[in-house]
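Visitor: To start, I am sharing the structure in question, which I have written as structure tokens.
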Amino acid sequence: MTGYEVLAKRLRLTRAPTPIEAEKALQQLTYRTTAYVERARHILCHRFGLLGCPKRTLRELGQHHDRSVERIRQIEGQTLRQLLHVRRLGYLR
């Protein structure tokens, strides 16, 4: 299962987003806030292997961002919830 397929399943999408759709949705997150969103975008890209990023574990991401595994998991969950909102706005189908 690709990262895009996993993302589609987590966001309850009818199909896996194309790389362009995923990029547009992630850009919407970037427009919402600044540093937190950049970290969240980095975490999501690396957790699911999106946009050419290598897949990483929660532990690896926690070490990279100097955060606990639990905090990385929370950021991932919050970001996925935000993407659900982006989906409702029509950027993802």
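The numbers here are math on the coordinates, done by the rules we state, and not lab data. Quantities reported herein were computed from a predicted structural model and do not represent experimental measurements. Positions of Cβ are generated from backbone atoms using ideal geometry, with glycine treated the same way; all protein chains shown enter the neighbour counts.
Visitor: What helices (runs of 4 or more DSSP H), lying completely within region 1-86, carry at least 2 residues that are among the β-branched types (Val, Ile, Thr)?
Guide: 19-32, 35-48
Visitor: If you don't mind, there's one more thing I want to ask. Cβ-Cβ under 7 Å, sequence separation 6+ or interchain: first residue in region 40-54 and more than 11 Å from ILE72 (Cα to Cα), partner buried (at least 18 other Cβ atoms within 10 Å of the Cβ) and of a type in the set (S, T, N, Q). Which pairs?
Guide: So the pair list comes out empty.
Visitor: Tally the residues that are touching a helix residue (DSSP H, G or I) at 6+ places or on another chain (Cβ under 9 Å), within 11 Å of LEU51 (Cβ to Cβ) and hydrophobic (A, V, I, L, M, F, W, C), restricting the search to region 8-24.
Guide: Final tally of qualifying residues: 1.
Visitor: What pairs come out if I take residues in region 62-85 that are farther than 23 Å from ALA8 by Cα and pair them with residues that are surrounded by fewer than 17 Cβ atoms within 10 Å (Cβ to Cβ) and hydrophobic (A, V, I, L, M, F, W, C) whose C-beta lies under 8 Å away, six or more apart or interchain?
Guide: GLY62/VAL69
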